[in-house]
Amino acid sequence: MALIQNMKTYLVKVIIENKVNARDPEGETILKDLLIKGGYEQVKAVRTAKLLKMWVEAKNEKDAKEIVSKLCDELRIYNPVAHVCSINIEGE
């Protein structure tokens, strides 16, 4: 008799952004547009990031996070020298 595993689908969000001290030309351009074209002097800084949404089938949140962490590292989804990668589970 085959065992039926209780697998759930988790929404895993991967955020890839430049390291803190690295320049962010896209963010700088957006900030200039906000200040010059939009008049939003209240905005003092803008940093951009890349968001990946993955729906992952796993036994639990920990396993889902480990799967995504492993694939990000093995497939070089981001450059660890230039970027910071954070992985968050959003639920089922």
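Taking only segment 20-69 into account, find how many residues are closer than 26 Å to N88 by Cβ and either touching a residue at least 40 places away in the same chain (Cβ under 8 Å) or among the hydrophobic types (A, V, I, L, M, F, W, C) (or both).
Looking only at that region, the number is 23.
Name the residue, out of E90, E66, that is surrounded by 11 or more Cβ atoms within 10 Å (Cβ to Cβ), modelled with pLDDT under 95 and either assigned to a helix (DSSP H, G or I) or of a type in the set (D, E, K, R) (or both).
E90
So which residues in segment 24-48 are in a helix (DSSP H, G or I) and within 18 Å of A82 (Cα to Cα), if there are any at all?
Hits for segment 24-48 are P25, E26, G27, E28.
Any residue that is under 24 Å from the mean Cα position of the chain (by Cα) and of a type in the set (F, W, Y) - is there at least one of those in segment 4-22?
Within segment 4-22, one or more residues are under 24 Å from the mean Cα position of the chain (by Cα) and of a type in the set (F, W, Y).
Tell me yes or no: at least one residue of segment 33-49 is of a type in the set (D, E, K, R), in contact with a strand residue (DSSP E or B) (Cβ under 6 Å, 6 or more places away or on another chain) and surrounded by 10 or more Cβ atoms within 10 Å (Cβ to Cβ).
No, segment 33-49 contains no residue that is of a type in the set (D, E, K, R), in contact with a strand residue (DSSP E or B) (Cβ under 6 Å, 6 or more places away or on another chain) and surrounded by 10 or more Cβ atoms within 10 Å (Cβ to Cβ).
Among the residues of segment 24-48, how many are closer than 25 Å to V14 by Cα, of a type outside the set (V, I, T) and touching a helix residue (DSSP H, G or I) at 6+ places or on another chain (Cβ under 8 Å)?
Number of matching residues: 2.
The values are calculated or read from the model by the stated rules, or taken from the named source; none is laboratory data. Nothing here was measured: the structure is a model prediction, and the numbers come from that model. So basically every Cβ, Gly included, is an ideal-geometry build from the backbone, and we count neighbours across all protein chains shown.
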